[in-house]
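Structure first, commentary second.
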Amino acid sequence: MGARHADAFFAPLQDDALYQWISMDKPASVEWLRARWLRNERRMAPDGQTAWLAWAVRNKTDGIYLGRVDAEVNGALEAINFGYYIFPSHWGRGYASEAVIAATQHLIAQGMHRLVATVTAGNQASVRVLQKAGYEFNRILPGNDVIRGVAVDDEEYVKAIP
């Protein structure tokens, strides 16, 4: 996933409902989004220690973009920051669960032995998605994120592979 997806993602990313639970900034323009994603297409953090992976989620039937799944992977084969979003117009249809399960299985097949995801406290829909994919509650992270200028607690969920 990268800059080539900016045109398709820009309009759905304007939906205010998406930002209720995530700290991501609403893109100001298609050009801004394209430039930001172009910088991340290198897939590696500047220090070379962490890989940035991202997948566009599409409907199997009509190819419509539904959202995104991403993971930050370290050299110990841990997805230290696994995340996702589905555009609000597609909420409640099981797409998030399907995408999270597929991405989790893919990462495990690539040798990941631990995946960590955080959810803003109170976001029960995302908690259910992670639980369906086999993630288990690990701990509360007080003030771990900032949404619309307000510090919020996160719940950490982990999927450990024996």
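Derivation of every value follows stated rules applied to the coordinates shown; laboratory data play no part. Because the structure is predicted, anything quoted here is derived from the model rather than measured. Every residue, glycine among them, receives a Cβ derived from its backbone with ideal geometry; neighbour counts consider all protein chains shown.
Some observations on this one:
- Spatially proximal aspartates and glutamates relative to LYS60 (Cα-Cα < 20 Å; intrachain offsets below 8 disregarded): ASP7, ASP70, GLU98
- Take each peptide in 130-140, 73-83, count the other Cβ atoms within 10 Å of every residue, and average; sorted highest first, the result is 73-83, 130-140.
- Segment 58-148: C-alpha gyration tensor shape, a/c 1.5 cut-off, then a/b vs b/c: oblate
- THR50, THR104, THR61, THR118 arranged by Cβ crowding within 10 Å, fewest neighbours leading: THR61, THR50, THR118, THR104
- For the chain, the spherically averaged projection of the C-alpha convex hull amounts to 9.7 nm².
- Only Lys, Arg (+1) and Asp, Glu (-1) charged, at Cβ; segment 3-160 dipole about Cα centre in debye: 380
- Relative contact order, percent, the chain [alpha-carbon distance under 8 Å, six or more residues apart]: 18
- Taking a straight line from the alpha carbon of LYS132, these lysines sit under 17 Å away, with near neighbours fewer than eight places off in the same chain left out: LYS159.
- Ranked list, fewest to most other Cβ atoms within 10 Å of each Cβ, for SER29, SER126, SER97: SER29, SER97, SER126
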